[in-house]
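Inspection log for the structure reproduced underneath, given as structure tokens.
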Amino acid sequence: MTTAARAPRTTAWASRPFRYLLGSEAASLSGSAVSSVALPALAVLDLHASTAQVAVLAFLGQLPSTLALWAGAVSDRRAKRPQLIASDLAAATALVTIPASALTGVLTIGHLYAVTIVLGITKTVHDAAAISLLPALVEPHQLQNANSRLGAASSVADSAGSNAGAALVGAFGPARSVLADAVSFLLSALLFWRIRVPEQNDGRPAGRRGLARDIADGVRYVLGQPTIRTVIAALSTLSFGLAVMNTYWAYYLLTALAISPTAFGVIMGAGGAGSLAGALLAPRIADRIGLGATIISGFAVSPLAQVPLLLARPGPGWQIALATALAVQLFWATAAGTSQRSLRQALCDPRFQGRMQAASTTVTAGARPLAAATAGILVALLDVRTTLTIGAVLQIVPVALLLASPVRTLRSMPLPPATAVVPPAREGGPKPGPHALDRGPTLSIPRRP
């Protein structure tokens, strides 16, 4: 396979546009974590929402993720920076209407539904544009370091934002607390405005191509790239197995294992610490054992980390074991996550970055509702522990997929493709040629960050 011979000793932090992207993502993620606490509290405490209305609010928050393929196509068709600025400003505007309506006494649950949908749509657009813009901000050899820093910032921002949200709700009430999220989106928009880099698309769509055709071309492109296709298949399979387990994971800990809410929080905290460490150390791990080994190890640790859960019994000793297992699992999951995302970005033609990322989001997120329904059926037919076991066994499948792919022999980050052929919409015309990585294993030269 063709790889970079020796990467310069620079990190993504050397790129000023990347620093702006990192700052904007940290700001918006922190603010969104505040809203994740404030909006449900507002519905329950101020609007006295019923359990059904709370369920509808949660459903509407997830519904716009079904537009990921559309957002990816728009991201590849238009310049990404204006999309990011517009989505942030739209989110800030929607959030400001909540305290304004509450102040005048006209806030309703329907208003909250509408704001939730707007936030979901802007998040879908923002995520598609931001993740596909990253390869334009850093050098190819800096991709993994960039994703590592973004992963670490995400972990810290989410935790800090959730804690800040709880404090703000207690001090100022839920309606006023969402102003912190509005300010975070304004800051994010300002930082994106300061980014000045040339983009693959100048904002003018070629010809009269429709979005449906762009989406179809993106799906065909992903299906025509063996390594990208295999990694996304592994991600969706792992997501399904984890979602089967996560449906009853907390229930099993709190009931069958008699874990107290305090102990449950400590276990979750250990997992968060492991995730942060994995994000920070991912480039060093990949440099030491190889990029492919890092990705496969992250997938392989996941089913192994479920063994303590399936063997656990009530007691403090098992609680320590569960906290340790979750920390190890999320450490490797995050290290593998930043590595596989960097690999897909490095292999993907810039014209398809948004659609490739959207395809991954669609199949990965789309597996979770189906997995939750499957878990419910399994529990009705069997029991909770057996359902957890089935979810753990399913997580072995993606490991087998990766071991049978060129990822297994990948030592360092491959060079980006020099050219890529757009897959034909119908018969006729050349098919997209395989990237060097997809032709089979060859020697590679290890790199250092």
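The values are calculated or read from the model by the stated rules, or taken from the named source; none is laboratory data. Since we're looking at a predicted model, the values are computed, not measured. Neighbour counts are summed over all protein chains in view; Cβ atoms, including those assigned to glycine, are modelled from backbone coordinates with ideal geometry.
Brief remarks follow.
- Residues that are within 28 Å of residue 128 (Cβ to Cβ), of a type in the set (Ser, Thr, Tyr) and at pLDDT below 85 within segment 30-68 comprise 36, 65, 66, listed in sequence order.
- Residue check for residue 126: buried (at least 22 other Cβ atoms within 10 Å of the Cβ), at pLDDT 90 or above and not assigned by TED's automatic domain parsing to the domain that holds residue 413: yes
- For residue 349, the conditions (1) within 14 Å of residue 228 (Cα to Cα); (2) touching a Gly at 6+ places or on another chain (Cβ under 8 Å) are fulfilled apart from (2).
- Candidates 191, 211: the one that is in contact with a Phe, Trp or Tyr (Cβ under 8 Å, 6 or more places away or on another chain) and under 23 Å from residue 69 (Cα atoms) is 211.
Matching residues to (1) among the hydrophobic types (A, V, I, L, M, F, W, C); (2) under 19 Å from the mean Cα position of the chain (by Cα):
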{"site": "187", "(1), (2)": "yes, no"}
{"site": "197", "(1), (2)": "yes, no"}
{"site": "249", "(1), (2)": "yes, no"}
{"site": "255", "(1), (2)": "no, no"}
{"site": "266", "(1), (2)": "yes, no"}
{"site": "277", "(1), (2)": "yes, yes"}
{"site": "282", "(1), (2)": "yes, yes"}
{"site": "289", "(1), (2)": "yes, no"}
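- One residue from 180, 160 being buried (at least 20 other Cβ atoms within 10 Å of the Cβ), part of a helix (DSSP H, G or I) and aliphatic (A, V, I, L, M): 180
- Entirely in segment 344-449, the helices (runs of 4 or more DSSP H) that have 1 or more residues that are at pLDDT 80 or above, basic (Lys, Arg) and over 14 Å from residue 241 (Cβ atoms): 353-381, 384-394
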